[in-house]
Amino acid sequence: MLPGDECNLLVTLFRVLAHPTRLQFFCLLREGEKTVTELAQATGVPQQNASQHLRLMRECRAVRTRRHGQQVLYRLADKRFVQATEILREAILGTMKDDLPVALRTELAAVASVPNEVVAPSSDAGARPSPARDGAPFPIDGDP
């Protein structure tokens with residue numbers, strides 16, 4: 001059993017990464033350091049919102065920053081987060097694959113063969129709608 005303080009740390013990290021925009025940032029940062037502008041442009045979110053999401057990620061120690069001139073570069077705090085994410089992704093997709101619509105199963109099978117891809121169901125795949133706003137399973141205090 002995990003000690004209470006360790007459990008709370010994990011819950012905080014999982015809550016932060018449960019938001020689709022932050023998970024996309026997380027996946028983009030696997031490729032290396034990026035500025036808030038690069039992350040905002042890659043995901044199509046306004047830069048102000050991107051900054052707020054990154055602040056939450058920084059507060060839970062998922063990302064770190066460094067200054068390069070006037071720019072702030074963001075990077076993953078620990079490369080082991082990438083391995084953990086991949087393991088969780090494979091486990092979740094493995095346990096859910098029989099419950100997914102055929103079109104989505106086909107799409108996931110194609111994506112599974114491409115490493116480091118973000119899996120997002122297509123709009124025509126018949127995916128079930130998320131119970132919470134923006135696809136996040138539960139809100140985070142200060143969610144942008």
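All of the numbers you see were taken from the coordinates with simple rules; none came from a lab. Since the model is a prediction, treat every value here as computed from it, not as a measurement. Cβ coordinates were reconstructed from backbone atoms using ideal geometry, including for glycine residues, and neighbour counts include every protein chain displayed.
With all pairs of separate Cα atoms included, the range 4-76 yields a Kirkwood hydrodynamic radius of 12.4 Å. Here the extension length gained between Ala84 and Thr106 equals 5.5 nm, from 0.36 nm per residue of separation less the Cα-Cα distance. Taking other Cβ atoms within 10 Å as a rough exposure proxy, Cys60, Cys27, Cys7 sort from fewest to most as Cys7, Cys60, Cys27.
Less than 5 angstrom separates the built amide H of Thr35 from those of Tyr74, all sequence-distant by 5 or more or on a different chain.
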